[in-house]
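Each reported figure results from applying straightforward, stated rules to the coordinates on display, with no laboratory input. All values derive from a computational prediction rather than experimental measurement. Ideal geometry is used to build each Cβ from the backbone, glycine not excepted, and the neighbour counts take in all protein chains shown.
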Amino acid sequence: MILEVAILNIKSDLSHDFEKAFQQASRIIASMPGYISHDLQKCVEIENRYLLMVYWNTLEDYTIGFRQSEQYQTWKQLLHHFYEPFPVVEHYYSVIKSSK
């Protein structure tokens, strides 16, 4: 399992519009093969900052299955104009996991 992480800085005064667009975009990403789940969280300290975490079965499910899909073009149209600057997207795998 791969965790995709992106810090999303949204242009001033567009948080509400971004959240609305992201609800639409959520349906796109959730329909992709290899998708497991995602979570969008809003930063407490920095207005207009969000953390996006997406779980994929494999890195290729993201890099090939999602990024090279027609659905990604719609994702881009819905969301990319909100970002300033454009986010860095990184992928991680679990080394140590703990829960209560």
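Numbers at a glance
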quantity: Test for Leu3: is it under 14 Å from the mean Cα position of the chain (by Cα), in contact (Cβ under 8 Å) with a residue 60 or more places away in the chain, surrounded by 12 or more Cβ atoms within 10 Å (Cβ to Cβ) and assigned to a helix (DSSP H, G or I); calculated: no
quantity: Filtered residues of segment 34-92 (kept if touching a His at 6+ places or on another chain (Cβ under 9 Å) and outside any helix (DSSP H, G or I)); calculated: Leu52, Met53, Val54, Tyr55, Trp56, Phe86
quantity: Answer residue from segment 54-90, given it is surrounded by 14 or more Cβ atoms within 10 Å (Cβ to Cβ) and in contact (Cβ under 8 Å) with a residue 60 or more places away in the chain and is farthest from Asn9 (Cα to Cα) among those; calculated: Tyr62
quantity: Tally of residues being of a type in the set (Ser, Thr, Tyr) and in contact (Cβ under 8 Å) with a residue 40 or more places away in the chain across segment 26-53; calculated: 2
quantity: Sole exception among (1) closer than 27 Å to Ser94 by Cβ; (2) among the aliphatic types (A, V, I, L, M); (3) in contact with a helix residue (DSSP H, G or I) (Cβ under 9 Å, 6 or more places away or on another chain) for Val5, by number; calculated: (3)
